[in-house]
1. Fewest first, what order do H27, H10 take by the number of other Cβ atoms within 10 Å?
2. Averaging sequence separations of C-alpha pairs under 8 Å and six or more residues apart, then dividing by the length of the chain, give the relative contact order as a whole percent.
3. Roughly how big is the chain's charge dipole about its Cα centre, with Cβ charges of +1 (Lys, Arg) and -1 (Asp, Glu), in debye to the nearest 20?
4. Ranked by Cβ crowding within 10 angstrom, fewest neighbours first, how are L21, L5, L119 ordered?
5. Return the whole-Å distance between the Cα centroid of the range 1-37 and the Cα centroid of the range 92-128.
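All of the numbers you see were taken from the coordinates with simple rules; none came from a lab. These numbers were taken from a predicted model, which means no experiment stands behind them. Virtual Cβ from ideal backbone geometry, glycine too; neighbours counted across all protein chains shown.
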Amino acid sequence: MIRILLANNHTIIRKGVRQILMQAYPHAVFGEIEEAEEWKEKLSAVNWDMVISDLYMPDKGGLDTLQWIRRSFPELPVLILTLYPKEHYAVRAMKAGAAGYIEKDAAPDELITAVSRILSGKKYIALPGNEN
């Protein structure tokens, strides 16, 4: 069973990502984080297989949180799903420890591909020409 933690301050984004991923992973278990203050409790409560997080959370920056996750849970892969264009933040996110980077305007199949690759132990950044 796959366990995926969704971190985004917008409920509609969390629910949409869950719906998309449930098509590919119907037996997956999902958790949700709405505010950065929930990180410690949620990450400690369950042995997650991956985190899908926005780069921006209102009460704490995404890169700071990503670095904290890397220190506290070094084996936990994090996919950044954000509005910020990869040209501006993807390299910074990957250097901070992200396993992947995808923009919110990507096609649903792109999200599924990113999750599948990361769950198999690989890295993922959408490149020109492989967006669906």
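1. Values: H27 7, H10 11.
Least crowded to most crowded, the residues run H27, H10.
2. 21
3. 400
4. Listing L21, L5, L119 from fewest to most nearby Cβ atoms yields L119, L21, L5.
5. Cα centres, the range 1-37 to the range 92-128: 15 Å.
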